Amino acid sequence: MSPMNAKTPVTVLTGYLGAGKTTLLNRILTEDHGKRYAVIVNEFGEVGIDNELIVGADEEVFEMNNGCVCCTVRGDLIRVLSGLMKRKGGFDAIIVETTGLADPGPVAQTFFVDDDVKAKTQLDSVTTVVDAKHLPLRLADSREAVEQIAFADQIVLNKTDLVTDAELKAVEAAIRRINPLAPIHRAQRSNVPLDAILGRGGFDLARITDISPEFLNPAHGEEGHVHDEDCDHDHHDHDHSHHDHGHAHAHEDHAAAAGIRGVSLTLRKPIHGQRVTNWLNQLLADQGPDILRAKGILDVAGDERRLVFQAVHMILEGDFQRDWKPEEDRFSRMVFIGRNLDEAALKAGFEACAA
Ligand SMILES: Nc1nc2c(ncn2[C@@H]2O[C@H](COP(=O)(O)OP(=O)(O)OP(=O)(O)O)[C@@H](O)[C@H]2O)c(=O)[nH]1
């Protein structure tokens with residue numbers, strides 16, 4: 001399962017206007033890490049201050065042949081990536097910075113769909129930079145801001161210098177409600193350790209348990225649970241201290257206003273492989289436009305390996321990966337992030353897939 005080491009990892013960097021993406025990018029480009037990064041910036045026709053960076057991409061989004069409006073890819077990005085991959089020597093990694101108002105969906109889907117891109121690159125993560133001070137406002141007024149959090153494999157919670165500890169916890173709680181899965185890295189001036197965010201395989205479920213152990217653990221509680229110190233660890237990041245549960249329910253309404261939230265489901269019985277595949281395919285076909293992201297690790301009856309899957313809207317990919325370890329507690333878990341999610345129906349559908 002690792003043809004991926006031949007592929008160049010790509011980080012999609014997203015985040016609302018002014019969140020700190022360029023600050024992070026500058027750190028990536030100037031720190032002494034001995035790696036060669038190519039940066040692709042999409043400028044939406046503006047001449048931005050970003051244009052010293054390596055390559056520009058035009059906004060060119062198209063629908064895929066299946067006619068689903070949620071399935072779009074970036075033609076410009078495919079061309080720029082293909083061009084980069086042909087360069088002699090290549091790059092250790094590629095960063096795609098999207099502008100603050102972009103929907104990360106089409107960018108992420110590009111990596112699943114185009115054969116050439118798929119053969120040569122590997123989406124490492126969608127990394128979203130969030131402004132801790134302004135997030136509450138953005139969640140209330142900007143659908144893009146909510147979607148960027150929903151799509152994230154990991155989140156850089158920046159500008160923590162501008163908020164109190166209580167505000168910070170409230171912001172984390174609001175993020176968790178939308179995206180129960182993505183590790184949150186607190187930062188000032190985007191000073192997150194680069195090795196904590198790049199090359200972590202955040203998009204690839206093979207490593208998801210390394211990154212967010214809570215993903216495989218039984219749920220701590222109901223929807224809206226604020227993770228405690230056992231959750232959300234990034235093992236390289238020592239400045240996290242979640243000593244309490246923050247009870248920041250005042251922010252619930254913001255995410256609710258955009259209607260996007262995360263639902264996570266756990267089943268402690270082996271799953272019937274074909275049944276779960278059929279169910280997921282049907283679910284995504286019916287609700288793909290509303291389901292922004294889904295991820296899961298499944299204990300399939302009769303197989304010693306963990307089945308992992310990952311979806312962006314309707315595009316679903318799944319793979320048997322490493323064996324369950326003998327001492328490992330086996331169970332199946334999936335997370336859906338989207339709007340209009342019917343938790344009871346999802347739960348019933350999932351449970352019906354038991355072997
Ligand atoms: N106080 C404070 N300011 C920050 C921090 N990080 C970045 N800034 C400032 O916030 C402003 C925006 O940062 P950028 O890195 O340009 O943000 P961006 O996300 O690239 O913004 P766009 O290109 O507009 O989408 C700049 O003036 C930064 O100096 C931080 O942690 N704390």
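Odds and ends about this structure:
- Nitroxide proxy distance, nm - points 7 Å out along Cα→Cβ at Lys86 and Arg275: 5.0
- Label-to-label distance for Thr266 and Asp329 is 0.6 nm, based on points extended 7 Å past Cα in the beta-carbon direction.
- Within segment 273-299, backbone nitrogen closer than 13 Å to the virtual label 7 Å beyond the Cα of Phe320 toward Cβ: 273-274, 299
- Segment Asp141-Asp161, length gained on full extension (0.36 nm per residue, minus Cα span): 4.9 nm
- Carbon/sulfur fraction of accessible area - segment 299-340, other protein chains in place, 1.4 Å, %: 45
- Subset of Lys133/Lys295; Lys35/Lys269; Lys35/Lys169; Lys120/Lys295 violating a 32 Å alpha-carbon distance limit: Lys35/Lys269; Lys35/Lys169
- Amide proton proximity set for Ile271, modelled H, under 5 Å, gap of 5+: Asp299, Val300, Ala301, Ala355
- Extension gain for Leu29-Asp290 works out to 90.4 nm (0.36 nm per residue, less the C-alpha to C-alpha distance).
The values are calculated or read from the model by the stated rules, or taken from the named source; none is laboratory data. Quick caveat, the model's predicted, so the values are computed rather than measured. Quick reminder, even Gly has a Cβ in these numbers, built from the backbone with ideal geometry, and neighbours come from all protein chains shown. Note: accessible area is taken over every heavy atom of the protein model, side chains too, but ligands, DNA and RNA are not part of it. Shrake-Rupley method; radii C 1.70, N 1.55, O 1.52, S 1.80 Å.
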